[in-house]
Amino acid sequence: MKGAFDMAEFWMEEILKDCEEKGIPLWEYILRSECASSGQSREESLLRMSQLLSVMREAAAGGLSHPVHSTSGLTGGGAYQYHQYVQSGQSLLGPVLSDAVQMALSCSEVNAAMGRIAACPTAGSCGIVPAAVLSVGRHKGCSDEKKTESLFVATGIGMVIGEHATLAGADGGCQAECGAASAMAAAAVVYLLGGTDRQAVHGAAIALKNLLGLVCDPVCGLVEIPCIKRNGTSVSIALTAADMALAGIESYIPFDEVVTSMYAIGKALPSRLRETGRGGLAVTKTGLRMYETLYGRPMAMQG
């Protein structure tokens, strides 16, 4: 048996049972695990997470007041454009989801412009957790303290995925990035809205299941197309999964088994669909034309 709050090689079911035995919530378990592994004090770990929340808030707002364009010049302005659309009252989505979509787009565009973001769990999926937590927190009146605690819940989900599968698009496709982030976001939202730890984990499982098989096919090899818009759609999956879990709907396939399946699917994907920029959307006619325009030469199609 591992030492107290040592998450190495732990599965989520073991962690939940340990929480129940110790009589502590999941976020507290993850906080203590972080302290044990990093050597930081409780106060230092809480401060660090609250600082990450501040970085998330800045990135989520960065692309809304004015258009933010990527350093490559390929993308930009989408978050601002969508924000204006929402402000006009034309959005089909409710206030929470439309807010989340614009925040996710903003974070991703700030990343593409080489701005400061919180990689949660990766830069390519950096908009999903912040958008979910901040939009729900804003519209449901959650305190910053509660939001900070929810990020520990998200961290626990990400740690299990990273330990038993992968968080890297190069290893498992975009299901390992946007899929993992969506699962983390769903769990955080369930916690924010008063759900149980087990409901949070069911939300994570539902979200991840619905992104299984998502390939990583960045056009021009850059974290822009389709990555930015995938952040916007993946946060909607996270919020839908959280809502179902809060309603009492459970994932028939346990979270730990979904993680195992995700890893197997990722390993089965051909390399051209795992971040190489040599498959999927990256090799469409438009994708190839963008590559040649950006780099001044045609893409070498070997492999």
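Beta carbons closer than 6 Å, at least 6 apart along the sequence or on distinct chains, never pair a first residue in the stretch 75-100 that is among the basic types (Lys, Arg) with a second that is open to solvent by less than 40 Å² (accessible area, probe 1.4 Å). Just one of the numbered conditions (1) touching a residue at least 24 places away in the same chain (Cβ under 8 Å); (2) among the acidic types (Asp, Glu); (3) open to solvent by less than 30 Å² (accessible area, probe 1.4 Å) is not true of residue 18: (1). Can you spot a residue in the stretch 128-144 that is open to solvent by 40 Å² or more (accessible area, probe 1.4 Å), assigned to a helix (DSSP H, G or I) and within 30 Å of residue 14 (Cα to Cα)? For the stretch 128-144, residues open to solvent by 40 Å² or more (accessible area, probe 1.4 Å), assigned to a helix (DSSP H, G or I) and within 30 Å of residue 14 (Cα to Cα): present.
Taking the criterion of being basic (Lys, Arg) and closer than 30 Å to residue 293 by Cα, would at least one residue in the stretch 17-32 satisfy it? Checked against the condition, which is being basic (Lys, Arg) and closer than 30 Å to residue 293 by Cα, the stretch 17-32 yields no hits at all. Selection of the stretch 284-303 for residues being free of Cβ contacts under 8 Å to residues at least 40 places away in the same chain and surrounded by 15 or more Cβ atoms within 10 Å (Cβ to Cβ) yields 288, 299.
Tell me, please, whether a residue that is within 24 Å of residue 226 (Cβ to Cβ) and assigned to a loop (DSSP other than H, G, I, E, B) can be found in the stretch 75-83.
Restricting attention to the stretch 75-83, the residues satisfying the condition of being within 24 Å of residue 226 (Cβ to Cβ) are 75-83.
Subset that is assigned to a loop (DSSP other than H, G, I, E, B): 75, 77.
Yes, the stretch 75-83 contains a residue that is within 24 Å of residue 226 (Cβ to Cβ) and assigned to a loop (DSSP other than H, G, I, E, B).
Could you tell me whether any residue of the stretch 200-220 is assigned to a helix (DSSP H, G or I), farther than 30 Å from residue 95 by Cβ, in contact (Cβ under 8 Å) with a residue 60 or more places away in the chain and not aromatic (Phe, Trp, Tyr)? Checked the stretch 200-220: at least one residue is assigned to a helix (DSSP H, G or I), farther than 30 Å from residue 95 by Cβ, in contact (Cβ under 8 Å) with a residue 60 or more places away in the chain and not aromatic (Phe, Trp, Tyr).
If you check 251, 236, which single one turns out to be more than 14 Å from residue 200 (Cβ to Cβ), open to solvent by less than 50 Å² (accessible area, probe 1.4 Å) and either outside any loop (DSSP other than H, G, I, E, B) or small (Gly, Ala, Ser) (or both)? Walk me through it before giving the result.
Values: 251 fails: more than 14 Å from residue 200 (Cβ to Cβ).
None of the other options fit; the residue is 236.
For the stretch 31-62, a residue qualifies if it is assigned to a helix (DSSP H, G or I), farther than 29 Å from residue 109 by Cβ and either touching a Leu at 6+ places or on another chain (Cβ under 9 Å) or open to solvent by 40 Å² or more (accessible area, probe 1.4 Å) (or both), and the qualifying residues are 31, 32, 34, 36, 37, 38, 42, 43, 44, 45, 46.
The values are calculated or read from the model by the stated rules, or taken from the named source; none is laboratory data. Please read these numbers as outputs of a predicted model, since none were measured by experiment. Because the Cβ atoms are built from the backbone with ideal geometry, glycine has one as well, and the counts that use them run over all protein chains shown. Calculation scope for accessible area: heavy atoms of the full protein, side chains included, ligands and nucleic acids excluded. Shrake-Rupley method; radii C 1.70, N 1.55, O 1.52, S 1.80 Å.
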